[in-house]
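Asker: Right, I'll just put the structure down here and ask away after.
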Amino acid sequence: MNDEMMVFGGSASPGLTAAICSRLGSGPQWLNSASGVCSQPGKCEVLRFPEGNLFVRIQENVRGRHVYLVQSTGYPANDNFMELLFWIDAFKRASAASVTAIVPYFSYAKGDKKDEPRVSIRARVCADAIEAAGVDRVVTVDLHAPQIQGFFKVPVDDLYAMPVLCEAIGGLGLTHPVVVAPDAGFAKKARQFADRLAAPLAIADKQRLDHGGGMVINGILGDVGGRSAVIVDDFAIDGGTLARVADKLMECGASEVIAAITHGVFTPKCMARLDASPIHRLLVTDTIETTPVKPSAKVQVVSIAPLLAEAIRRIHNRESISVLFASPAGTA
């Protein structure tokens, strides 16, 4: 059997794909340029027609090869998700031995339940579509709702960006850090950050008022006085929660505030809020490259390419990937 590895990048993740391939270091690896046209002649291409349709084409022989496709589903989420499906289908129809979808950011993950009448469980629909396209395995990072793994019948590896972010936080030389969960729902994950950084934990008392993003921060549970507060979360969209929590932390006597998130799902108003907030640095991974805004000077990107490259290497060599899960234990 041909055990050759081939890495392709969708148009949503060209930089991350290049970094992953650089880490893998050897073997044939194909990736797309930022424009969606492959960076090496005759490899693959994505065409966008005037009416909005997408067309993907592989220009290499993948018959019998194990394909690893890197395609995030950030902005524009629907286009990038459809492109993901078309790539999977194209590889299967080209007789690839297997197709592993590396989806650094899984959009629609917040739609994991039917929490009001007559609504769609959007994450389940996405999972069904990815499986129907023919994927053999899915690798993602920090699913907003880990139970989404159960929506799939194929293996799903939900990797954690926490070790990468903690290493970056540790390099900042903070004085007496305290890890802050932006709400009670993220407290369990935030405690893992705190344990890894050997720092205490505080929790923001957030009250959400409506689906439109309205919320108030009633207070901070824990001592943050005179400490460097580190807000941790899985993603930021408009920056409202981060900014409000940061304001409350300063009111409670924190000496400084930074934030560390996995997914930068930034909207235009997010950067203005960040610049106006007491947050002096926002650490974010490169799971999303396509955003409708120019990042603030406060944003510092931390690459998860080493993590994903090691996951690909271990999956391809049929090794356990349990070592990549800091805590709790993940899917191996």
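Asker: Looking at region 228-267, which of the residues that are within 19 Å of residue 74 (Cβ to Cβ) and of a type in the set (D, E, K, R) is farthest from the chain's Cα centre (by Cα)?
Answerer: Applying the filter and picking the extreme gives 238.
Asker: Is it true that residue 289 is surrounded by fewer than 16 Cβ atoms within 10 Å (Cβ to Cβ) and over 23 Å from residue 170 (Cα atoms)?
Answerer: Here the answer is no, as residue 289 does not meet what is asked.
A quick yes/no check of all residues on (1) over 17 Å from residue 278 (Cβ atoms); (2) modelled with pLDDT under 95:
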position: 175; (1), (2): no, yes
position: 183; (1), (2): yes, yes
position: 197; (1), (2): yes, no
position: 200; (1), (2): yes, no
position: 203; (1), (2): yes, no
position: 207; (1), (2): yes, yes
position: 217; (1), (2): no, yes
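Asker: Scan region 297-306 for residues that are surrounded by fewer than 17 Cβ atoms within 10 Å (Cβ to Cβ), in contact with a helix residue (DSSP H, G or I) (Cβ under 7 Å, 6 or more places away or on another chain) and either part of a loop (DSSP other than H, G, I, E, B) or β-branched (Val, Ile, Thr) (or both) and jot them down.
Answerer: 298 - this is the single residue of region 297-306 that is surrounded by fewer than 17 Cβ atoms within 10 Å (Cβ to Cβ), in contact with a helix residue (DSSP H, G or I) (Cβ under 7 Å, 6 or more places away or on another chain) and either part of a loop (DSSP other than H, G, I, E, B) or β-branched (Val, Ile, Thr) (or both).
Asker: Separate question: Being in contact with a helix residue (DSSP H, G or I) (Cβ under 9 Å, 6 or more places away or on another chain) and either part of a helix (DSSP H, G or I) or closer than 21 Å to residue 8 by Cα (or both) is the filter here; which residues of region 270-287 pass it?
Answerer: 270, 273, 274, 276, 285, 286, 287
Asker: Separate question: So residue 67 ticks every box in (1) at pLDDT below 95; (2) within 14 Å of residue 152 (Cβ to Cβ); (3) not in a loop (DSSP other than H, G, I, E, B) but one. Which box is left unticked?
Answerer: Here residue 67 meets the rest and fails (2).
Asker: Those residues that are within 25 Å of residue 106 (Cα to Cα) and buried (at least 17 other Cβ atoms within 10 Å of the Cβ), I need them from region 216-237; list them, please.
Answerer: 230, 231, 232, 233, 234, 235, 236
Asker: Collect the residues in region 93-115 that are charged (D, E, K, R), in a loop (DSSP other than H, G, I, E, B) and surrounded by fewer than 17 Cβ atoms within 10 Å (Cβ to Cβ), keeping them in residue-number order.
Answerer: Matches in region 93-115: 110, 113, 114, 115.
Asker: Among the residues of region 131-154, is any in contact with a strand residue (DSSP E or B) (Cβ under 9 Å, 6 or more places away or on another chain), surrounded by 18 or more Cβ atoms within 10 Å (Cβ to Cβ), among the hydrophobic types (A, V, I, L, M, F, W, C) and more than 30 Å from residue 194 (Cα to Cα)?
Answerer: Yes.
Asker: Also, quick follow-up: Specify the residue that is farthest from the chain's Cα centre (by Cα); the eligible residues are those in region 78-124 that are over 22 Å from residue 150 (Cα atoms) and hydrophobic (A, V, I, L, M, F, W, C).
Answerer: The residue in question is 94.
Asker: Looking at region 113-135, which of its residues are under 17 Å from residue 83 (Cα atoms) and of a type in the set (Asp, Glu)?
Answerer: Correct list: 128, 131.
The values are calculated or read from the model by the stated rules, or taken from the named source; none is laboratory data. Note that the structure is predicted; figures quoted are calculated from it, not measured. Positions of Cβ are generated from backbone atoms using ideal geometry, with glycine treated the same way; all protein chains shown enter the neighbour counts.
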